[in-house]
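*Asks:* Below you'll find the structure I mean.
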Amino acid sequence: MIALQTQQATKPATTSTTTGATTSTTASGASFATALASAMGTQTGAAAASTAPAADKSYTLNSKGIPTELAAYGNGKIPASALEKVGSTGHKLWAPAAQNLNQMIADAKTQGVTIGITDSYRPYEEQVDLAKRKGLYSQGGLAAKPGTSEHGWGMATDLDLNSKAQAWMRENGEKYGFHENVPREPWHWAYRPKTS
Ligand SMILES: [Zn+2]
């Protein structure tokens, strides 16, 4: 999972391509003033949590691909107010990730696909504990160096997938912002928000 830090840094390019396309579509059909107002409106919406679903907002990422508002809290130190429950489980993720995951699980269900969840946000102390128990990924284990895990940002979930669900995720996960990005961990899916 240390390796994925590098991937994280490069991967948002894919996301911004999508966002860029959306933005240019808007801009081409509207005056600069309208586009500007639209952009301002987006920012206002981002500030007011009740206006738009967090899942649809765009976020500014830092050089490591972490939304700046999350980076400010620190890995493994995300306050409860920025997290949201996944379904009726005890699992929590960064709110936009949780909302997209809930939608994805619901949509999969209508297609006869069951997606379970085994892990989600991981506070710093739990990362330390996991590293002791499962070893560091860089040394052949399964834990990220404490303070670097995507789980510590509330931006990754470990899913319980049978073969049908694994195939469904590989086909559909990206539509919901979830990417399979760690070799040797087909259960680990990282969330990438829309970027501004
Ligand atoms: Zn994981």
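The values are calculated or read from the model by the stated rules, or taken from the named source; none is laboratory data. None of the values given here were measured: they were computed from a predicted structure. We place every Cβ from the backbone using ideal geometry, glycine too, and count neighbours over all the protein chains shown. To get the accessible areas, we keep the full protein, side chains included, count just its heavy atoms, and leave off ligands, DNA and RNA. Shrake-Rupley method; radii C 1.70, N 1.55, O 1.52, S 1.80 Å.
*Asks:* In the stretch 99-117, is there at least one residue being within 16 Å of the chain's Cα centre (by Cα) and outside any helix (DSSP H, G or I)?
*Replies:* The answer is yes, given that some residue of the stretch 99-117 is within 16 Å of the chain's Cα centre (by Cα) and outside any helix (DSSP H, G or I).
*Asks:* Go through the stretch 143-196 and report how many residues are part of a helix (DSSP H, G or I) and among the polar types (S, T, N, Q).
*Replies:* Looking only at that region, the number is 3.
*Asks:* What number of residues within the stretch 66-82 satisfy the criterion of being in a loop (DSSP other than H, G, I, E, B) and open to solvent by less than 70 Å² (accessible area, probe 1.4 Å)?
*Replies:* 6
*Asks:* From the residues in the stretch 120-142 that are touching a residue at least 12 places away in the same chain (Cβ under 8 Å), assigned to a loop (DSSP other than H, G, I, E, B) and open to solvent by 20 Å² or more (accessible area, probe 1.4 Å), which one is nearest to GLY90 (Cα to Cα)?
*Replies:* TYR121
*Asks:* Out of (1) over 15 Å from the mean Cα position of the chain (by Cα); (2) free of Cβ contacts under 8 Å to residues at least 12 places away in the same chain; (3) open to solvent by 20 Å² or more (accessible area, probe 1.4 Å), the odd one out for GLY87 is which?
*Replies:* (2)
*Asks:* Here's another thing I want to ask about it. Go through the stretch 143-192 and report how many residues are within 9 Å of the ligand (Cβ to nearest atom) and aromatic (Phe, Trp, Tyr).
*Replies:* 2
*Asks:* Taking ALA165 and the conditions (1) at pLDDT below 95; (2) farther than 25 Å from TYR73 by Cβ, which numbered condition does it fall short on, given that it satisfies the others?
*Replies:* For ALA165, the failing item is (1).
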